[in-house]
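Just below is one structure, and these are the notes that go with it.
The values are calculated or read from the model by the stated rules, or taken from the named source; none is laboratory data. What you see is a predicted model, and the numbers here were worked out from it, not measured in a lab. Note that each Cβ is placed from the backbone with ideal geometry, even for glycine, and that neighbours are counted across all protein chains shown. Surface accessibility is based on the protein's heavy atoms, side chains included, excluding ligands, DNA and RNA. Shrake-Rupley method; radii C 1.70, N 1.55, O 1.52, S 1.80 Å.
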Amino acid sequence: MVLQETVAIVTGSSEGIGQAIAERLAKEGTRIVIDYHTHADGAEKTQRLVEAAGSKAIVVKADLGSVTAIQSLVANGIKAFGKIDILVNNAGIEKRADCWDVTEQDYDAVLNVNLKGVFFATQTVVRHLMQTKRPGKIINISSVHEELPFPHFAPYCMSKGGVKMMTRDLAIELAPFGITVNSIAPGAIETPINRALLNDPAKLRGLMGNIPLRRLGKPSDVADAVVFLASTGADYITGTTLFVDGGLLWNYHEQ
Ligand code: BGC
């Protein structure tokens, strides 16, 4: 176990990548604050997985688009476990639309969770770390689309591009306090966020052709990278993005 005695908040951990991260961190001895917005059943399942892994968890419902909700999420975690060491900003949403059809409501929903929520969750945890004079690890789950265009998902790409710059900027500002900030950029991972694509054989074949390692990623592929960035083995890494994408980002070849 490489993370014994640590406490992590994992946002959006009621399903998909977040659930796998919570379970994987638990196996390393981390106690988990499970955050969810919609899927209470999923959050309870995550709690059972964490307990089966030999650790402890609490479940908190929070709307990450609201700063007061974020502050109470962090306060709940501190109340339950006495401190926070690791923040995994995993929660994210995407909505497909041609750019000329994107509604203000969908634009705000995506940017609020994927960008504003990441910033204020980080700010709140950073204040706690500074008050308690302790180092910490902020790990943002970004996407290959922090670099790569994803037509028909403009607000999503814009949010991930913002996360990329947030990671760089805060890494520099927080380095003097021993707080590192990094991102993990998954490619195509089998999760509920891309259920529509996974259920469309033609689209799936097209996507597979873009992945040099010729398989979709598993949530556990991302979770393993989180454990590394959260561990002391990554103490000298800050301000960077680790791509977990089977080679998708830089794939180009002529047929
Ligand atoms: C998106 C998925 C998409 C994948 C690869 C992810 O960031 O959430 O919907 O399939 O990137 O394009």
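Odds and ends about this structure:
- Electrostatic tally near Asp35: other residues with Cβ closer than 11 Å to its Cβ, Lys and Arg +1, Asp and Glu -1, net 0.
- Under the Debye formula (equal points on every Cα, no solvent term), log10 I(q)/I(0) of region 1-115 at q = 0.14, 0.18 Å⁻¹: -0.55, -0.83
- In this structure, the amide hydrogen of Ala57, modeled 1.01 Å from its nitrogen in the peptide plane, lies closer than 5 angstrom to those of Ile32, counting only residues at least 5 positions away or on a different chain.
- Probe 1.4 Å, accessible area per residue of the chain, Å²: 49
- Size of region 26-70 from its Cα atoms: along the principal axes, largest to smallest, the extents are 32, 19, 11 Å.
- Of the chymotrypsin sites (Phe, Trp or Tyr not before Pro) in region 207-255, the ones in a loop by DSSP (not H, G, I, E or B) with at most 16 other beta carbons within 10 Å are Tyr236, Trp250, Tyr252.
- Label separation (Thr132 vs Asp169): 2.7 nm, computed from points 7 Å beyond Cα along the C-beta direction.
- Along region 108-125 the Karplus relation, 6.51 cos²θ - 1.76 cosθ + 1.60 evaluated at θ = phi - 60°, assigns HN-Hα couplings of 5, 4, 5, 5, 5, 6, 6, 10, 4, x, 5, 5, 6, 5, 4, 4, 5, 5 Hz to successive residues, with x for each Gly and Pro.
- Reachable lysines from Lys79, criterion Cα separation under 27 angstrom, eight or more residues apart if same chain: Lys27, Lys45, Lys56, Lys61, Lys116, Lys133, Lys137
- Residue-averaged [θ]222 nm for the chain, counting only DSSP H segments that reach four residues, each worth -39500 (n - 2.57): -13500 deg cm²/dmol
- Rough spin-label spacing in nm, given labels placed 7 Å along Cα→Cβ, for Arg215 and Asp63: 4.1
- At q = 0.08, 0.09, 0.10, 0.11 Å⁻¹ the log10 of I(q)/I(0) for the chain amounts to -0.29, -0.36, -0.45, -0.55, computed by Debye summation with a single uniform scatterer per C-alpha, solvent ignored.
- Sequentially through region 174-179, phi angles give Karplus couplings (6.51, -1.76, 1.60; θ = phi - 60°) of 9, 4, x, 9, x, 9 Hz, Gly and Pro residues having no value and appearing as x.
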